[in-house]
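The numbers here are math on the coordinates, done by the rules we state, and not lab data. In this text the structure is predicted, and so the values were computed from the model without any measurement. Cβ placement follows ideal geometry from the backbone for every residue including glycine, while neighbour counts extend to all protein chains displayed.
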Ligand code: ATP
């Protein structure tokens with residue numbers, strides 16, 4: 001079995017993540033894709049509580065079908081995420097699985113500075129997802145070994161822009177999956193609902209018990 005590991009803050013998960021995940025599932029020859037939310041950001045960027053981000057990832061993944069799954073491995077490992085540690089843990093726990101690592105093209109340059117970057121490159125092939133406006137040169141090839149791939153860049157939706165819009169009460173409906181947005185509004189994450197209205201969206205009655 002071949003699994004694509006897609007880690008991130010997912011603070012919150014958005015349609016850019018979903019589009020990237022679907023593209024990988026449909027074109028990269030993988031059997032499954034695992035979304036892996038970080039417990040703590042490696043550079044101590046403040047994040048919404050892990051349980052909330054896990055639940056939102058589950059909602060985002062549900063739209064992609066049973067081949068998209070969510071792992072809480074980072075919570076079990078504890079502390080700041082280290083991609084190398086995550087991959088080594090997954091490989092140890094799943095000896096029959098071939099793993100690849102999905103990253104957006106915005107992270108390609110940075111990834112060479114990650115802890116154990118060279119070892120990580122030896123352990124797993126990278127699947128690079130083009131992110132519009134963020135390093136077009138890299139976006140044109142999925143991996144160095146896959147330069148024949150047609151260029152494809154996912155629209156540059158970002159969690160940062162979504163958090164800012166939610167806090168300001170502006171609409172986010174075209175960036176945030178509906179069921180994730182419902183969860184955000186129900187749990188008043190990212191300052192949503194703090195202003196008079198959370199834009200022109202209304203909270204639905206979808207599941208997801210409030211946590212922590
Ligand atoms: P933030 O704005 O908080 O930094 P983000 O939108 O970049 O967040 P992350 O959770 O940090 O989202 O991203 C997780 C992974 O998904 C990273 O590899 C990132 O490059 C990739 N990614 C995020 N958004 C997109 C997008 N719109 N297109 C392609 N890849 C993306």
Which distance in nm do the two modelled labels at residue 45 and residue 91 give, with both placed 7 Å along the Cα-to-Cβ direction? 2.6 nm
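Take the eigenvalues of the Cα gyration tensor for region 54-135, scale each by 5, and report the square roots as semi-axes in whole Å, largest first.
Details: eigenvalues 85, 72, 35 Å².
The equivalent ellipsoid of region 54-135 has semi-axes of 21, 19, 13 Å.
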Could you work out Rg/(2.2 N^0.38 Å) for region 2-156, with Rg from alpha carbons only? 0.97
Label-point gap, in nm, between residue 170 and residue 26 - each point 7 angstrom along Cα→Cβ: 2.9 nm
Here FRET efficiency (C-beta to C-beta, residue 1 to residue 62, R₀ 30 Å, nearest 0.05) is 0.90
